[in-house]
Amino acid sequence: MSDSPVDTNEVEHIAELARIDLDEDERDLFAEQFADILDAFETLDEVPEVEREPELTNVMRADDIEESLDREEALANAPETEDEQFKSPKVS
């Protein structure tokens, strides 16, 4: 693993914010793991930037208005209706 730029006091502070009780071994382990995570972010900073792609354009088709079922046809196969609406079992 790496030298820990994160000390156990910082880990303890984070644990308190998260309301997690950590023993000394766990604090040491998390300090090492946090250091590894920070190293990974530093590695990401080394990745060269690439040229951005041009802004995206809308490739969606326009909505076409089409004839649809009227209310009576839509409700025709419903097992139960009430006041010209679908009726379903209560959800508790």
Enumerate the pairs (first residue in segment 70-84 and among the acidic types (Asp, Glu); second residue anywhere and not in a helix (DSSP H, G or I)) with beta-carbon separation below 6 Å, excluding pairs fewer than 6 apart on the same chain, so at least 6 apart or on different chains. 80/87
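If a residue must be of a type in the set (Gly, Ala, Ser) and touching a helix residue (DSSP H, G or I) at 6+ places or on another chain (Cβ under 8 Å), how many such residues does segment 25-67 contain?
Here is the first cut: in segment 25-67, the residues of a type in the set (Gly, Ala, Ser) are 31, 35, 40, 62.
Keeping just the survivors that are touching a helix residue (DSSP H, G or I) at 6+ places or on another chain (Cβ under 8 Å) gives 31.
Number satisfying all stated conditions: 1.
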Go through 35, 31, 15 for me and flag whichever is surrounded by 14 or more Cβ atoms within 10 Å (Cβ to Cβ), in contact with a Pro (Cβ under 8 Å, 6 or more places away or on another chain) and not in a loop (DSSP other than H, G, I, E, B). 35
Condition set among the hydroxyl-bearing types (Ser, Thr, Tyr) and over 30 Å from residue 11 (Cβ atoms), scope segment 36-88, selection modelled with the lowest pLDDT: answer is 57
Sort out which residues of segment 38-92 are surrounded by 10 or more Cβ atoms within 10 Å (Cβ to Cβ), among the hydroxyl-bearing types (Ser, Thr, Tyr) and over 34 Å from the mean Cα position of the chain (by Cα), and write them in order of number. 81
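The values are calculated or read from the model by the stated rules, or taken from the named source; none is laboratory data. Note that the structure is predicted; figures quoted are calculated from it, not measured. Don't worry about glycine lacking a Cβ; one is built from the backbone with ideal geometry, like all the others, and counts go over all protein chains shown.
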